[in-house]
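Below: the structure, in structure tokens.
Please treat every number below as a calculation from the coordinates, not as lab data. This is a predicted model, so every value here is computed, not measured. Note that we place each Cβ from the backbone using ideal geometry, even for glycine, and neighbour counts take in every protein chain shown.
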């Protein structure tokens, strides 16, 4: 049976529908998002919460001439469906399919490529300034969640927008969530605002005023806000957006699509920047997702009727880290855990319950996480920052300036190191070695399993100074105990041979598989990238005619580069070095195993290189 979505190939088709059908369009969009996300991994709760908002924006604006920007982009599934990608929507986050975020190279309707939070407002500002400089007149609307406002970049952009005064609409999608619950003073202000009786009265008065006045909207809104809120809320002069010289409208119901159409159509053409504050429910339209938006942020396969989720392994690297830190914190009262809004992803949920007074969530502010750790270290504590590799990129200066210069004992638990799969280029953790390896005082370790992770974490806390312990996304066997690991030492899993392989973490598994049936091939667990085990390296280089370094990281600046530099300094001749790592390009989303094969770092690739190096081996495993 034909649906309304069958009639919509582009936003112009949506605009051709009568306004009284928009609620049904929203219903069909939710059904489509739920159907596709139930069949595979996708960002469910955030996209369900933004449906009415996206429909209203596309009903008013003329994309792609007008620009609609989405912060992070994981809430934009309805946008993708309405902009000509419905026939490919089932491919989202799959290899060769649609990105899980907005992506300029994917569609002209995607105004920015994004995946990290808090970037949309600065993008929108630059776009508006460029538009005005060229004498153009397209309209700009930027959608940003309240969680992204915990990021300093968003607040700094708001400050500059208030100064520059470009014509633009900022839509604050306020759902009280990032992935975890939001934190911070601004979030507390919004929550306090919404529960007051005057707020409810003000919203009703404001709606009546908007519907009954016929004066120019700029005057109308000023009057409506003054009458509906100013008298009822004497503190409204302290509104943080107003303080930044940004016109503020709201809060309004983010699920009233016709009200949103009306407001957006009036606000979008006002002079200067306007912020429309809409209140939405993450997971809207799916009862169990509304009840637990954290669990349903990006679920595995599930039954849409019952909410029953397909079982998945729970012994993740993140879980192993969190459990180890709980035990260590029981022994050492100086240990603090810090997260930039990634409690669930970094395995710190149980830690936050067991040690609530030594757990800090700074919101989406990675730089603040690192420098808060520096302050704790200066006060005699032992902070551990749980952070994804891709997000540590956002705090590189703080690692150098605030931690490393004074050799402070801050531990970085660098999660999701290497290719991460479905999230793609914005989230692959493949630059941390390049960024950190040149920083004085800082050590870098990469455990092969949860047992080594535990030993490295305990050793790092004991030795002092900054340490980054990197580990991949995925599962690892559970472990207990605390192995003693000599800091900076490599482990010979096989004696050095005519050919010796150096690998760590995920690529070590590939190397073991590649040579399982091949005697005479050496294998080293190169578990410390800095400092290198120069003694082990020299011994292997003198024994082998070929050293093969395999790593799930960019070839530029990774372990292979460090080994090449060390071999040059050691002046060891007669040994060929082969470096297998990620190529000098951004790698798209897909299954990790497939991406590793394409990049030439999996077991089959290692086998092929062995044959090319003259080792008598069948190429195929």
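Quick rundown of the values:
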read-out	value
For segment 1-129, the Rg and Dmax computed from alpha carbons only, in angstrom	13.9, 47
The chain - share of DSSP beta bridges that are antiparallel (%, nearest 5)	15
Value of D in µm² per second that Stokes-Einstein yields for segment 317-470, Kirkwood Rh from Cα pairs, at 4 °C (1.567 mPa s)	86
Estimated FRET transfer efficiency when R0 is 30 angstrom, pair residue 327-residue 441 (beta carbons, to 0.05)	0.65
Between segment 1-67 and segment 558-616, the Cα center-to-center distance that results, in Å	45
Convex hull (Cα only) mean projected area of the chain, reported in nm² to one decimal	30.5
Spatial separation of Cα centroids for segment 342-361 and segment 70-124, in angstrom	31
Cα-based radius of gyration of segment 413-506 once divided by 2.2 N^0.38 Å, which approximates compact folds	1.16
Nitroxide proxy distance, nm - points 7 Å out along Cα→Cβ at residue 65 and residue 16	1.7
Among beta bridges that DSSP assigns inside segment 317-470, antiparallel share in %, nearest 5	5
Least to most buried among 585, 542 (fewest other Cβ within 10 Å first)	585, 542
Per-peptide average of other Cβ atoms within 10 Å, ordering 364-375, 567-578, 426-437 highest first	364-375, 426-437, 567-578
Euclidean distance of C-alpha centroids, segment 493-531 and segment 401-468, integer Å	21
Ranking of 420, 403 by count of other Cβ atoms within 10 Å, fewest first	420, 403
Rel. contact order, % - alpha carbon contacts under 8 angstrom, at least six apart, segment 317-470	22
Residue-averaged 222 nm ellipticity for the chain, from DSSP H runs of 4+ at -39500 (n - 2.57), nearest 500	-10500 deg cm²/dmol
Peptides ranked, highest mean first, by Cβ atoms within 10 Å: ranges 280-292, 553-565, 71-83	71-83, 553-565, 280-292
Relative contact order (%) - the chain, alpha-carbon pairs under 8 angstrom, separation at least six	11
Rg ratio (alpha-carbon, reference 2.2 N^0.38 Å) - segment 491-612	1.00
